[in-house]
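Since the structure comes first, as structure tokens, the remarks are kept for the end.
The values are calculated or read from the model by the stated rules, or taken from the named source; none is laboratory data. Remember, it's a predicted structure, so these values are computed and weren't measured experimentally. Cβ: placed from backbone, ideal geometry, glycine included. Neighbour counts: every protein chain shown. With ligands, DNA and RNA removed, areas are computed over all heavy atoms of the protein, side chains included. Shrake-Rupley method; radii C 1.70, N 1.55, O 1.52, S 1.80 Å.
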Number of protein chains: 2
Amino acid sequence: MTKVAGCPLCDAAGGRVVVQAPKWRLVHAEEAGFPAFYRVVWQEHVREFSQLSAADRSDCMDVVVAVEQALIAQLQPAKVNVASLGNAVPHLHWHVVARFAWDSHFPGAVWAPAQRDADPARLAEVVAQLPTLEDRLRRGLTRTP
Amino acid sequence: MTKVAGCPLCDAAGGRVVVQAPKWRLVHAEEAGFPAFYRVVWQEHVREFSQLSAADRSDCMDVVVAVEQALIAQLQPAKVNVASLGNAVPHLHWHVVARFAWDSHFPGAVWAPAQRDADPARLAEVVAQLPTLEDRLRRGLTRTP
């Protein structure tokens, strides 16, 4: 595994680890206002998604899709947002975020300005479901390379 | 092909069409400040990426990857950003955007607030390369389903 000095995703997990696999990890990100914000981080320091082999790209997107499906099944979000940006941290990672019509930024992107305060009770309802969601993710994803 | 009344991506192309394939289209988006902003739009009205079959997901990401690779080869961007959000228009489309250290929002997301004015001369340099980039895309993508 090639580590790049000073890369935050080589040096640390980048969130609370939910599943650790040989080639990737799934972490829960602590992003205020977005309780169901996960990241699929590629273990190897790769800059762009297109630099992965076709087989690795397929495995990586299978994980992203499994996370998306679990978010939908558990939380019934208004939409799931999936993004690989990496401008600040150019180490391949996919953001996978459950979005709700009542959240602070909807329908804007999570990186856009907030449009309202999210209802703390609704945020807490989502947080309360994360253990069940993450059990589901662990069961589903341990079959993936 | 199922069309959904009132869906902007069922009713219209959503940009200048660069490649039209049976299952998807590649369009150039007119987004101020981001001259190399493309979208891969799925033809069928599908809400979430994970609702595609595995074969369609693979084909769709092959197109996204081909666009990313062409952007890198032609424009040498600082980073390529890839995202499927769809909060406002829940019809599957992938944003594929070449980002530059000098652009108005870098390293922020294109949906975040601007950090500076982009240099018009540098924007014009990118615009001048789009015909060559798009010839490359048409050649590369006509082999994809």
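Being touching a Leu at 6+ places or on another chain (Cβ under 8 Å) and within 7 Å of chain B (Cβ to nearest Cβ) is the requirement here; does A:Ser58 meet it? For A:Ser58, the condition - touching a Leu at 6+ places or on another chain (Cβ under 8 Å) and within 7 Å of chain B (Cβ to nearest Cβ) - is not met. Take the residues in the stretch B:115-145 that are surrounded by 14 or more Cβ atoms within 10 Å (Cβ to Cβ) and of a type in the set (Gly, Ala, Ser), then tell me which one is nearest to the chain's Cα centre (by Cα). The extreme case among them is B:Gly140. Looking only at the stretch A:68-84, which residues are in a helix (DSSP H, G or I) and within 9 Å of chain B (Cβ to nearest Cβ)? Matches in the stretch A:68-84: A:Glu68, A:Gln69, A:Ile72. Consider the stretch A:55-76 and keep the residues that are open to solvent by 20 Å² or more (accessible area, probe 1.4 Å) and not polar (S, T, N, Q). The one that is nearest to B:Val89 (Cα to Cα) is A:Ile72.
Per-residue answers, yes or no, for (1) more than 11 Å from the chain's Cα centre (by Cα); (2) among the small types (Gly, Ala, Ser):
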| residue | (1), (2) |
| --- | --- |
| A:Cys7 | yes, no |
| A:Ala13 | yes, yes |
| A:Leu26 | no, no |
| A:Phe37 | no, no |
| A:Val40 | no, no |
| A:Ser53 | yes, yes |
| A:Asp56 | yes, no |
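Annotation for the stretch A:68-82: no member residue is out of contact with any strand residue (DSSP E or B) (no Cβ under 6 Å at 6 or more places or on another chain) and closer than 22 Å to B:Gln69 by Cβ. For the stretch B:88-109, the candidate set comprises residues that are open to solvent by 20 Å² or more (accessible area, probe 1.4 Å) and within 22 Å of A:Ala101 (Cα to Cα); within that set, the residue that is farthest from the other protein chains (Cβ to nearest Cβ) is B:Val89. All conditions but one from (1) assigned to a loop (DSSP other than H, G, I, E, B); (2) open to solvent by less than 50 Å² (accessible area, probe 1.4 Å) apply to B:Glu44; the one that does not is (2).
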